[in-house]
Amino acid sequence: MILAVASGKGGTGKTTVAVGLALSARGGASLLDCDVEEPNCHIFVKPEILRREPVMVPIPKVDKDACNSCGQCSEFCRFHAIVALKTEPLVFPELCHGCGGCAWICPRGAIREIRREIGAVEVGMNGGLRFIQGIMNVGQAMSPPVIRAVKAAALEGNSEHDRVMIVDCPPGTACPMVAAVRGSDAVVLVTEPTPFGLHDLRLAAETVRKLGIPFGVAINRSDCGDGRVEDYCGAEKIPILLRIPERRDMAEGYSRGESILSAAPEYREPLLRLLEETSRMAVENKKP
Amino acid sequence: MKIAVTCRGASPDSPVDPRFGRASKFILVDTESDGFQVIDNAQNLNSAQGAGIQSAETVSRHGAEVVITGHCGPKAFRVLSAAGIKIVVGAQGSVAAAIESFLKGDLAPSECSDVDGHWE
Amino acid sequence: MKELVVISGKGGTGKTSITASFAALARDAVVADCDVDAADLHLLLSPEIRERREFKCGVEAVIRAADCTSCGKCEKFCRFDAIRKTVEGEEKALFVVDALSCEGCGVCARFCPAGAIDLVERSGGEWFISECRFGPMIHAQLGIGGENSGKLVSIVRDAARELAVKSGRRLVIVDGPPGIGCPVIASVAGADVVLAATEPTLSGEHDVERALSLARRFGAILMVCVNKWDLNPELTGRIEHAARAAGAEVVGRIGYDRTVTEAQIAGKCVVEHSDGPAARDIRTLWENVLRRLD
């Protein structure tokens, strides 16, 4: 089962829950850190990194001798990543989405694609847990290719670690979050019982519904706010899969980079129940 | 000579728009005929990445040989230079005054972009 | 006119609570919520919307089923896995575009031999010109799964600056997005002062470091404050030390205080709601920031 751990709002405890779930699952689990702008799972998992591969995206390279400045590439590119004003084209790599259109349409075959590095994927282990994280280079703008590379690395070959795959997703509901959540069997939305938490939970819930993936909610710091998140979930028939009350010792443990299981080992059982419940939801959803 | 000036209004008396990529309009002045033309750039106001590049394409298409504006980022600068268009930055006041300063030589073409242009 | 942008790297470090309090203390600033993907500032400032504008974000491909010959070329050419084959009946496979994956590059439309693909403009959300109890506010709501390319961020920021110039206000306060990607670049490029709000956790430390190294590229004055500092005083010291080494000024510490959440539930800014430790710390923080703005 692929279980995505997401949240509309950042800082609600997504990483805490994702790491907790991955460490609770006994045998055959992987943890994928797809929050590639700010990957943090490694702080809590402390994996031994076994390999690192660059994430490359294609960008056009113009053969100046073959180009006759016809400008068709420039006209085609909707992202202004290749521009020709009666001259040979200029390329702006940071604007390129890598669609390949310019290379395909060039009538003189003067454009080929070269590869440009925008980040890396690291694969490591800690005990029985396989760990895969994406890291986007500072200064890069587009994270979805790095997110897709993390997932591709996780699905490579037949691994004994793919019984349970936990995906820590980027916050929000925009394209990076969608890229991370897509393809999972179930989703846990982590929130907190505050107006910010509720507002962003609504948006995240709508997004996941649009993707057609079953989901439930985990409420972190469940006693810090008011009852509106619980009311919303009740009214929308969204199952609440986990509640974690606020505890100073847990917050301090988090600040030192300790997983929820070291600060509060009693959470192993509720986390395992969450895994069982979401896998039941996933199976249910796949029935015709 | 055709000169394009970034502008907030629709006549040579209007103030220069300090932005190139997101300028609302360009005033295209032909120094030979003394006539002018207003080029709308409003759709570009709401474009994000590549606004400077798009503006550069627009002025080039209209045959400008010189661009006068407040600031110009590196992407637009690269495109304009490649198209052989001179770039004058630091213009203030009205469009007419900016053109006069340029013709008198008080404002000279720039050798490089003057702002960090991630989103010029 | 000066522009102050509050960012954080990691989400949930109190960025929006701090920004809202700044809006209350500044009194005469234009406030902009550039965290368009999880826009929460309006929950504290309760703005009255005066004008709504649609946000157009490029195009998306749509296949006209009637003209599709099921050749599958679009699916082969699409680099974003945005075209899916659905089988209808026995003979004809049907291809559809998944709007959430489509990046609007136009390759499929260009190469469709039947010319059966249109590129239609898509709405990416809305943005608003509003008035809140502290002055004008520009904010936005990105559409679900919208392309958060920084484009909407640029629009909100530009509108706020324009409004400040028009109304003779001297300060724009921007609530920035988390992370270090496109939206963050769009909110810090060209700003006068960037304040990074973090928390004393290893994640907060790691993320603020990345956020500062990004912001440094844009030449703004860099500042750092640590929220809930007393959760881990030792780590707070370490973060502050690293921030100074990275060229940032340490402008304040905010103590852990439950009234921050209480204020949020009451729909108020921390400094309006109480005079507790957090409110006092934020006032001091604001004075330090203000000193550097003048």
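Entry remark, segment A:255-269: residues being over 17 Å from C:Lys228 (Cβ atoms) and without any contact (Cβ under 8 Å) to a residue 40 or more places away in the chain number 5 in total. If the condition is being hydrophobic (A, V, I, L, M, F, W, C) and part of a strand (DSSP E or B), then segment C:149-197 contributes C:Leu171, C:Val172, C:Ile173, C:Val174, C:Val193, C:Val194, C:Leu195, C:Ala196, C:Ala197. Here is a check on your reading of the model: is A:Leu275 under 23 Å from A:Ala25 (Cα atoms) and surrounded by 13 or more Cβ atoms within 10 Å (Cβ to Cβ)? Answer is yes for this residue.
Listed conditions (1) assigned to a helix (DSSP H, G or I); (2) touching a His at 6+ places or on another chain (Cβ under 7 Å) are all met by C:His139, apart from (1).
Go through (1) more than 14 Å from the chain's Cα centre (by Cα); (2) of a type outside the set (Asp, Glu); (3) surrounded by 15 or more Cβ atoms within 10 Å (Cβ to Cβ) one by one and return the number of the condition A:Asn40 breaks. Single failed check for A:Asn40: (1).
In segment A:85-103, which residues are touching a helix residue (DSSP H, G or I) at 6+ places or on another chain (Cβ under 7 Å), more than 7 Å from every other protein chain (Cβ to nearest Cβ) and part of a helix (DSSP H, G or I)? Within segment A:85-103, A:Cys102 is the sole residue that qualifies. Being under 30 Å from the mean Cα position of the chain (by Cα) and assigned to a strand (DSSP E or B) is not true of C:Leu100.
Got at least one residue in segment B:57-66 being in contact with a Gly (Cβ under 8 Å, 6 or more places away or on another chain), more than 10 Å from chain A (Cβ to nearest Cβ) and among the polar types (S, T, N, Q)? Looking for residues that are in contact with a Gly (Cβ under 8 Å, 6 or more places away or on another chain), more than 10 Å from chain A (Cβ to nearest Cβ) and among the polar types (S, T, N, Q), one finds none in segment B:57-66, hence no. Considering only residues of segment A:278-288 that are closer than 20 Å to A:Ala25 by Cα and of a type outside the set (A, V, I, L, M), which is surrounded by the fewest Cβ atoms within 10 Å (Cβ to Cβ)? Per the criteria, the residue is A:Arg280.
Report yes if A:Val45 is within 14 Å of chain C (Cβ to nearest Cβ) and out of contact with any Cys (no Cβ under 7 Å at 6 or more places or on another chain), otherwise no. Answer is yes for this residue. Of the residues making up segment C:215-224, none is over 29 Å from C:Ile185 (Cα atoms), within 14 Å of chain A (Cβ to nearest Cβ), buried (at least 21 other Cβ atoms within 10 Å of the Cβ) and of a type outside the set (Phe, Trp, Tyr). Only one of the numbered conditions (1) touching a helix residue (DSSP H, G or I) at 6+ places or on another chain (Cβ under 7 Å); (2) within 13 Å of chain B (Cβ to nearest Cβ); (3) within 18 Å of C:Ala20 (Cα to Cα); (4) not hydroxyl-bearing (Ser, Thr, Tyr) is violated by C:Glu147, and that is (3).
Looking across segment A:54-73 at every residue that is out of contact with any Asp or Glu (no Cβ under 8 Å at 6 or more places or on another chain) and not aliphatic (A, V, I, L, M), the one that is nearest to A:Leu85 (Cα to Cα) is identified as A:Gly71. For segment C:157-181, the set of residues classified as touching a residue at least 60 places away in the same chain (Cβ under 8 Å), surrounded by fewer than 24 Cβ atoms within 10 Å (Cβ to Cβ) and within 11 Å of chain B (Cβ to nearest Cβ) consists of C:Ala159, C:Arg161, C:Val165, listed by residue number. If we scan segment C:111-119, do we find a residue that is within 14 Å of chain B (Cβ to nearest Cβ) and modelled with pLDDT of 90 or more? No. The set of residues in segment A:175-200 that are at the interface with chain C (Cβ under 10 Å from one of its Cβ atoms) and over 25 Å from A:Pro145 (Cα atoms) comprises A:Glu192, A:Pro193, A:Thr194, A:Pro195, A:Phe196, A:Gly197, A:Leu198, A:His199.
Restricted to segment A:178-199, and to residues that are at pLDDT below 95 and buried (at least 24 other Cβ atoms within 10 Å of the Cβ), which residue is nearest to A:Ser7 (Cα to Cα)?
A:Val178
Of all the criteria given as (1) at pLDDT below 95; (2) within 14 Å of chain B (Cβ to nearest Cβ), the one not satisfied by A:Val62 is (1). For segment A:240-265, taking the residues that are exposed (fewer than 13 other Cβ atoms within 10 Å of the Cβ) and within 26 Å of A:Asp226 (Cβ to Cβ), the one that is farthest from the other protein chains (Cβ to nearest Cβ) is identified as A:Pro245. Scanning segment C:182-190 turns up at least one residue that is under 30 Å from A:Ser259 (Cβ atoms) and within 13 Å of chain B (Cβ to nearest Cβ).
Based on this model, can you work out whether A:Lys237 counts as free of Cβ contacts under 8 Å to residues at least 60 places away in the same chain and under 22 Å from the mean Cα position of the chain (by Cα)? I'd like the intermediate steps shown before the answer.
Numbers: free of Cβ contacts under 8 Å to residues at least 60 places away in the same chain: yes; under 22 Å from the mean Cα position of the chain (by Cα): no.
Considered against the rule, which asks whether it is free of Cβ contacts under 8 Å to residues at least 60 places away in the same chain and under 22 Å from the mean Cα position of the chain (by Cα), A:Lys237 comes out as no.
Where strands (runs of 3 or more DSSP E) sit wholly within segment C:1-81, those with at least 3 residues that are within 14 Å of chain A (Cβ to nearest Cβ) occupy C:48-63.
Taking the criterion of being in contact with a His (Cβ under 7 Å, 6 or more places away or on another chain) and either polar (S, T, N, Q) or surrounded by 21 or more Cβ atoms within 10 Å (Cβ to Cβ) (or both), the residues of segment C:248-267 that qualify are C:Thr259, C:Ala263. Among the numbered conditions (1) closer than 23 Å to C:Arg292 by Cα; (2) in contact with a helix residue (DSSP H, G or I) (Cβ under 7 Å, 6 or more places away or on another chain); (3) within 10 Å of chain A (Cβ to nearest Cβ), the only one that C:Leu202 does not meet is (1). Checking every residue in segment B:62-76 against the condition of being in contact with a Ser or Thr (Cβ under 9 Å, 6 or more places away or on another chain), over 21 Å from C:Asp158 (Cα atoms) and surrounded by fewer than 17 Cβ atoms within 10 Å (Cβ to Cβ) gives zero matches.
The values are calculated or read from the model by the stated rules, or taken from the named source; none is laboratory data. Please read all numbers here as calculations on a predicted model, not as lab measurements. As a convention, Cβ positions derive from the backbone with ideal geometry for all residues, glycine included, and neighbour counts pool all protein chains shown.
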